[in-house]
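Have a look at the structure below, then the notes.
The values are calculated or read from the model by the stated rules, or taken from the named source; none is laboratory data. Being a predicted model, the structure only gives us computed values, none of them experimental. For neighbour counting, all protein chains shown are included, and Cβ atoms are generated from backbone atoms with ideal geometry for every residue, glycine included. These area figures cover heavy atoms from the full protein model, side chains too; ligands, DNA and RNA do not enter into them. Shrake-Rupley method; radii C 1.70, N 1.55, O 1.52, S 1.80 Å.
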Amino acid sequence: MTIASLPIDAKLGLERVHNAISNQLPIKEKLEISTGYAINIHITDYSQPLLFTFDNLHISRNMEGTTFEHRKGWGYDYVVDKGWNICAFLESDYTRWYRHPSFIAIMKYIESTDLFKNYESKKITYGSSMGGYAAATYTKALSADVSILFNPCSTLNTTLVPWESRESYSAPCNNWESDYYDATDGCLSSKNYIIYDPTFKLDYLHVNRFIKKCAQNIQIRVPGVGHSIPSHLTKINALDLMLDSIVTNNYLSSKPKIFEALKKRRHYIGYHRFMLSLNPQMTDTRKQVVMEYCLTMLRDKYPEPRHESFFFRDASDLYAFYDRDMALTFIKKAATLKPDCSKINKRLNTLLPAD
């Protein structure tokens with residue numbers, strides 16, 4: 001699909017955006033820019049930064065089949081509540097990874113017309129995982145100065161990342177050799193904040209590609225939580241502090257507070273769950289100590305007798321990585337206490353031995 005073949009409605013919508021930015025006019029609009037893609041834009045104060053956000057795989061998968069009318073885009077409410085501006089890109093098909101020819105044509109149009117170049121305040125791309133791939137890939141096209149990348153995927157080109165095993169459903173659906181196929185090429189000259197878990201091998205390998213190719217990188221390592229970094233940071237109340245410091249150019253002065261906040265993951269059960277599942281160096285004795293600590297934290301989380309089923313449910317989820325028989329014992333207790341809970345029964349069926 002070439003630039004000339006853009007739908008006329010998409011061209012007119014992007015021209016309105018271009019005109020608003022050139023004349024510093026407020027604009028609040030949701031544009032369906034092509035089949036399966038939309039932009040949700042909110043610019044009211046041109047002295048504030050503009051964030052370009054991209055749906056991650058989890059959002060696009062869960063929103064598949066819904067209309068854009070009922071979607072806002074990743075981070076929309078958070079960014080607007082902060083008083084910043086946003087241009088959120090919405091992906092409707094989790095297998096497409098912002099690589100459908102129609103979306104690539106849109107980004108080519110935006111890059112060729114320098115649509116956002118006249119926006120004089122700070123411009124930031126922001127995404128996680130699949131959204132991190134898109135945020136990095138299109139940083140240059142969007143004239144952004146900074147990228148904020150949570151556990152970003154760099155590409156699904158099998159020649160470049162033969163070790164990537166998670167996205168086998170997506171790679172065959174897209175051309176990973178055409179334009180914008182390698183995210184590292186999109187953020188060669190921007191300042192890149194890359195937040196990831198170095199103990200999660202696949203994410204580490206992708207990040208390593210950014211480190212080798214891109215000149216300006218600030219790595220923020222969050223060991224021991226695995227993938228889905230924004231979700232983990234939210235649960236330990238560190239995400240807002242981190243984002244606010246980066247967007248407002250206060251990262252260096254806020255760094256001690258950020259790393260103090262990150263230490264809270266030691267009291268976050270997801271941290272221990274991940275370490276137990278993937279840490280081959282942990283001895284059985286050490287694992288048992290960690291498990292007892294986690295169970296104590298769960299007791300603190302669910303102190304009421306009416307929460308007993310939740311305690312056994314989460315304990316089973318925790319032990320599933322460590323001792324399957326114990327996990328089954330716990331989930332059976334949860335099912336006894338709450339026999340009509342579909343989530344508990346689903347976990348029970350998962351753990352029951354096959355006939």
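Going through (1) touching a Lys or Arg at 6+ places or on another chain (Cβ under 9 Å); (2) modelled with pLDDT of 85 or more; (3) open to solvent by less than 10 Å² (accessible area, probe 1.4 Å); (4) over 19 Å from VAL146 (Cα atoms) one by one, ASP203 falls short only on (1). In the range 187-214, the residues that are assigned to a loop (DSSP other than H, G, I, E, B) form Cβ pairs under 9 Å with partners that are of a type in the set (Asp, Glu), at six or more places apart or across chains, as follows: SER190/ASP145; ASP197/ASP203. When the range 247-256 is filtered for residues that are farther than 16 Å from VAL80 by Cα and surrounded by 14 or more Cβ atoms within 10 Å (Cβ to Cβ), the ones remaining, listed by number, are TYR251, SER254, LYS255.
Would you pick out the residues in the range 145-186 that are at pLDDT below 90 and assigned to a helix (DSSP H, G or I)? Selection gives ALA171, PRO172, CYS173. Looking across the range 215-224 at every residue that is part of a loop (DSSP other than H, G, I, E, B) and open to solvent by less than 10 Å² (accessible area, probe 1.4 Å), the one that is nearest to THR199 (Cα to Cα) is identified as GLY224.
Just give me the residues in the range 97-112 being in a helix (DSSP H, G or I) and within 18 Å of ALA136 (Cβ to Cβ), in sequence order. Lay out the reasoning, then the answer.
We begin by selecting, within the range 97-112, every residue in a helix (DSSP H, G or I); these are 101-112.
Listed by number, the residues that qualify are PHE103, ILE104, ILE106, MET107, LYS108, ILE110, GLU111.
In the range 76-93, of all residues being buried (at least 21 other Cβ atoms within 10 Å of the Cβ) and more than 16 Å from SER147 (Cα to Cα), the one that is modelled with the lowest pLDDT corresponds to GLU91.
Every test in (1) out of contact with any helix residue (DSSP H, G or I) (no Cβ under 7 Å at 6 or more places or on another chain); (2) part of a loop (DSSP other than H, G, I, E, B) is passed by TYR78 save one, and that test is (2). Residues in the range 313-355 that are without any contact (Cβ under 8 Å) to a residue 24 or more places away in the chain and polar (S, T, N, Q) were compared, and the one that is surrounded by the fewest Cβ atoms within 10 Å (Cβ to Cβ) is SER342. Does ALA141 satisfy the criteria of being touching a Cys at 6+ places or on another chain (Cβ under 9 Å) and crowded, with 20+ Cβ neighbours inside 10 Å? The answer is no for ALA141. When you look at GLY127, is it in contact (Cβ under 8 Å) with a residue 40 or more places away in the chain, touching a strand residue (DSSP E or B) at 6+ places or on another chain (Cβ under 9 Å), under 12 Å from THR53 (Cα atoms) and part of a helix (DSSP H, G or I), yes or no? In short, no.
PHE310 passes every criterion in (1) more than 19 Å from LYS235 (Cβ to Cβ); (2) surrounded by 12 or more Cβ atoms within 10 Å (Cβ to Cβ) apart from (1).
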